1. Tally up the residues in the stretch 398-444 that are open to solvent by 20 Å² or more (accessible area, probe 1.4 Å), touching a residue at least 40 places away in the same chain (Cβ under 8 Å) and β-branched (Val, Ile, Thr), please.
2. Residue by residue through the stretch 246-295, note down the ones that are polar (S, T, N, Q), surrounded by fewer than 20 Cβ atoms within 10 Å (Cβ to Cβ) and within 12 Å of the ligand (Cβ to nearest atom).
3. Would you pick out the residues in the stretch 375-388 that are open to solvent by 20 Å² or more (accessible area, probe 1.4 Å) and either over 11 Å from the mean Cα position of the chain (by Cα) or more than 8 Å from the ligand (Cβ to nearest atom) (or both)?
4. Which numbered condition in (1) part of a helix (DSSP H, G or I); (2) open to solvent by 10 Å² or more (accessible area, probe 1.4 Å); (3) touching an Asp or Glu at 6+ places or on another chain (Cβ under 9 Å); (4) more than 10 Å from the ligand (Cβ to nearest atom) is the only one that residue 329 fails?
5. In the stretch 34-52, what residues are of a type in the set (D, E, K, R) and assigned to a helix (DSSP H, G or I)?
6. From 214, 156, grab the single residue that is under 24 Å from residue 376 (Cα atoms), of a type in the set (A, V, I, L, M, F, W, C), in contact (Cβ under 8 Å) with a residue 60 or more places away in the chain and surrounded by 13 or more Cβ atoms within 10 Å (Cβ to Cβ).
7. Among the residues that make up the stretch 53-64, is at least one of them outside any helix (DSSP H, G or I) and either crowded, with 22+ Cβ neighbours inside 10 Å or in contact with an Asp or Glu (Cβ under 9 Å, 6 or more places away or on another chain) (or both)?
8. State yes or no: is residue 180 among the polar types (S, T, N, Q), within 24 Å of residue 19 (Cβ to Cβ) and either out of contact with any Ser or Thr (no Cβ under 7 Å at 6 or more places or on another chain) or modelled with pLDDT of 95 or more (or both)?
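The values are calculated or read from the model by the stated rules, or taken from the named source; none is laboratory data. Everything quoted here is computed from the prediction, not taken from an experiment. Counting neighbours? That spans all protein chains shown, and the Cβs are built from the backbone with ideal geometry, glycine included. Side chains are part of the model used for accessible areas, which takes the heavy atoms of the whole protein and leaves out ligands, DNA and RNA. Shrake-Rupley method; radii C 1.70, N 1.55, O 1.52, S 1.80 Å.
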Amino acid sequence: MWFREDLRLGDNPALNTAFESGAPVICLYILETVKDGSRPLGGASKWWLHQSLSALAEAIEALGGQFVLRKGAAQDCLLNLVEELNATAVFWNRRYDAGGISVDSAIKTALKTAGVEGISANGRLLTEPWQVRTGAGAYYKVFTPYWKSVRANYRAPPPLPKPDYIGDFGLPSDTLDTWNLLPQKPDWAVLFPQHWEPGETGAHARLERWLDGAIDSYSDQRNRPDVEGSTSGLSPHLRWGEISPVQVWRAVHSRIGSVAGSSAEDSAWTFLSEIVWREFSYVLLYHNPRLADVNYNIDFQHMPWRDNSADYERWCEGQTGYPIVDAGMRELWHTGWMHNRVRMIVGSFLTKHLLLPWQMGEDWFWDTLVDADPASNAASWQWVAGSGADAAPYFRVFNPITQGSKFDETGAYVRRWCPELEALPDKYLHSPWDAPGPVLRNAGIALGETYPHPMVDHKTGRQRALDAYDTLKERRAAI
Ligand code: FAD
């Protein structure tokens, strides 16, 4: 059983098929060093992967087994192992990024040539990205009808059992520590363990906590970064397959009957629709393999983006002078995660106020998010920038001041991540430059010294973005 982005023992279709074969099962993970066309993992993803592999190894050992770790080109590692063991089949759950698909198809062919079966399953999505189709037979490019179709037709399959015994064949294996997945000098992930418990147990604990009440207010609270636990925090667990969307769907759906007709029912469906945004992102990625770097709407290839690395760095570091943007970027750095509403605000700020290409933001998120996902990150960045399928229109420029006051209503979010603004009265928290001198002095703030001046005036930045967008419209009209 070749584990990849499905780091769990429970309800794992490929693992279950492997055990059903009746043959002894070896559990394997390969740190792939050669993956043509695949993107190297970002730093925060590597941190998560280390922890998650360690948790899975422990779970396998608790059942008597050994988790075999190998490093190299997947095809070489697999063929070597197949030969060492005289294995008859290799099992895995599918992945959907172009690089992964091409590696896996080559492996399937190589295994076949060697007389070994390569058996793949869906352990990552509710439905395969090629399954749900419009009446005309095309893939969905608009979310709402896609969601309606999934909501009406999807039925979760019954859960698959977790193995109760795994064999240990004493095979040669790397040790996790030698893979150097954890950051050193500096250890920027030092606070991550306060926020996360990677692994299958941590994933289920989080789901349980979520179902224990917070989910019932999801419709009202999900846009509130200042409210602790306003969203589930399941994204990195889903990213690494420590829990599957099928398991989440089953757990949430089974509650719906007991809360029928109440606002909790509405919240449950809204939450499931977000799980389906993840599916929709996979549909887009599967049908647009270069979603992470090529504009879905090709008009955007002519967007007159700016080229300014100093502005980009200020954005990455959370030093833009807009408190809600800075709070988000600092939350990301310290925890490896950012609230969805704030992801939209910082994304809009980068692509509109700073007029920097969305790919730069996608790249930073790829490196710093513990949930950095090949489909959701790419699709969401294109959505924010206006270049994506079913995207927010480019001319919708989020105002970081009003977004801040509306969604960080209590100011707790900005105060937490920008402590230098803590003593500022609520009225000025999202626009410190509006505060009179004595108010700033009383709060211990010297703009330009303890907290930056805004790097671009909101109105000026907004107009510059709209003017840039107009050039696209003019170009299109001229064709
Ligand atoms: P909840 O609100 O509790 O939602 C439950 C689950 O639904 C999430 O765990 C996630 O798997 C899925 N989900 C929710 N919203 C979305 C969405 N808009 N698109 C796709 N799936 C969604 N999500 C990632 O998982 N990985 C990414 O790399 C990623 N990059 C993003 C980049 C930008 C610019 C934006 C605007 C959004 C991005 N998202 C990404 C989507 C979303 O922000 C996160 O999934 C969400 O914040 C995770 O927190 P949660 O688990 O508490 O979400």
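1. Final tally of qualifying residues: 2.
2. 270, 273
3. The initial filter retains those residues of the stretch 375-388 that are open to solvent by 20 Å² or more (accessible area, probe 1.4 Å), namely 376, 380, 383.
383, the sole residue that qualifies.
4. (2) is the only condition that residue 329 fails.
5. 46
6. 156 is the lone residue from the list that is under 24 Å from residue 376 (Cα atoms), of a type in the set (A, V, I, L, M, F, W, C), in contact (Cβ under 8 Å) with a residue 60 or more places away in the chain and surrounded by 13 or more Cβ atoms within 10 Å (Cβ to Cβ).
7. Checked the stretch 53-64: at least one residue is outside any helix (DSSP H, G or I) and either crowded, with 22+ Cβ neighbours inside 10 Å or in contact with an Asp or Glu (Cβ under 9 Å, 6 or more places away or on another chain) (or both).
8. So residue 180 does not fit the description; no.
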